[in-house]
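Only one structure is covered here, and it is reproduced in the block below.
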Amino acid sequence: MMLRWTLAARLALIVIIGFSVVAILVISVLYMTSIRETEAIRPTPERLVALAVLIERIETDQRGPVLEAVSSPQFVVRTEPAGWSSQSQSTALPQAELRGLYAAALAGRAVDITAPPDQRSNPWFPRLSRLTANATEYQIALRTGETLVVDAYSRLPVTPLGLPIGFGAGIFGTIVALLALLVMQRETRPLARLAAAVDRVDLTVDPPLLPQAHRSAPEIRAVISAFNRLQGRLSEMLRARMSLIGGIAHDVRTFATRLRLRVEQIPDPAEQQRAIADIDDMIRLLDDALLSSRAGAGGPSQEMVEFASLVRAEADDWRKQGQAVDVTSEGAVNDAIVLGDRLSLRRVIANIVDNAIKYGHLAHVGMSLGHETVVVTVDDEGPGIPADQRQAMLEPFNRLETSRNRSTGGAGLGLAVVRSLVEAHGGSVEIAAAPSGGARVIVELPIFRAA
């Protein structure tokens, strides 16, 4: 199942991924730079040999100016008296390899390589300060018994608090981004309410207005106002349409009743029956048109309907009229309850069976259970419906036989009414091919489950 990310979630994901990529790149660059700088600050063995020889040749009281001359903030040189013990911390440097490299050049002078104790570490962030120092300490045993100590530093630029430069800007940017996400979440919340309101629109009653988001952006407020105006206009249009249809239906029924009374005065029985059939077809067409128009104008009335019993009752009515209709069922379909309008559901079954009998001479009705649904299939033994025209048959006034001759079928509203009523009940309708070669109409309706 595809996940549905909200706009706020997508933007937050973009920001998080962006920060992660930048952080990884910065760490990688810092790591690579640190390795190169560590290699660059290592004094050459020749330089240490020259320093050791120079210090050994100078008297102890005269070494101060020389040590200052050869020292710098990144290269600190000092001597320690005999018996001096280092307080340096252990390091993860490859000491054996480096020690061998320098020992070979120092001609018998003992050498040790460690990480120096950082005297300039920040009290707030001592460990971070030691990491930014990037230092190596060389301890060389002079032939005079003293120890030459060389501390090689390559300090990263830091703030007075001991933090790397740019760290504070990163923290500030992160806080700003989080605040921006919170503001964005607040700004998009009215859009979520708007989407929910669209799903709840019921134009059969006065639609409730969506509350204005006074603290949101002007564009959001404009969308909400436009939606409220649209609801009002659609509701007025629907009421006017239903009033017009209701008035026309009333007047047409009145004229049909008068015409029926006059038809009974026709002396020829055959002509009289044909006229009565035409009037009945006209009234049925009017009923279908009314059902089709009302199905999309709000949800149907709801009651708990034993759907299997309803289908069997409708099939019994057709059999009493001498039509070939049989019903089969699978599983526990007899216990299926559908929440909806009983008359509308009977009209669904009646229209499908009527189509099957009219075009396929009989109707095979089958009932089964789907995934939280009850499925009804109606097969006939007619010529079937071509695959490229099946969807069109669910639209109003569409027929395979295009002559519009009433003797060859109805007005093309039967399946359109089925589709409208089924979708109003939260179900679906589909046309397929029956195993016998005829048409198969499949109706699927949700089963009611008590909470």
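The values are calculated or read from the model by the stated rules, or taken from the named source; none is laboratory data. Please read these numbers as outputs of a predicted model, since none were measured by experiment. Neighbour counts run over all protein chains shown; Cβ positions are idealised from the backbone, glycine included. Areas reflect the complete protein model, heavy atoms only, side chains present, ligands, DNA and RNA absent. Shrake-Rupley method; radii C 1.70, N 1.55, O 1.52, S 1.80 Å.
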* Asked: Tell me, what is the 1.4 Å probe accessible area of V149, in Å² to the nearest 10?
  -> 0
* Starting from the amide H of I447, placed 1.01 Å from N in the peptide plane, find each other amide H under 5 Å away whose residue is 5 or more places distant or on another chain. => T373, V374
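Return the FRET efficiency for the residue pair E68, T144: r is the Cβ-Cβ distance, R0 is 25 Å, and the value is rounded to the nearest 0.05. The partial results should precede the final answer.
Values: r = 20 Å, r/R0 = 0.78.
The calculated FRET efficiency here is 0.80.
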* **Probe 1.4 Å, all protein chains present, accessible-area order of Y138, Y359, largest first** => Y359, Y138
* Would you rank T257, T373, T174 by solvent-accessible area, highest first, keeping every protein chain in place and using a 1.4 Å probe? => T257, T174, T373
* Keeping all protein chains in position, work out how much accessible area D317 exposes to a 1.4 Å probe, and write it in Å² to the nearest 10. => 60
* Asked: If amide H atoms are built 1.01 Å from N in the plane of the peptide, which residues on other chains or at least 5 residues away come under 5 Å of the amide H of A433?
  -> R440
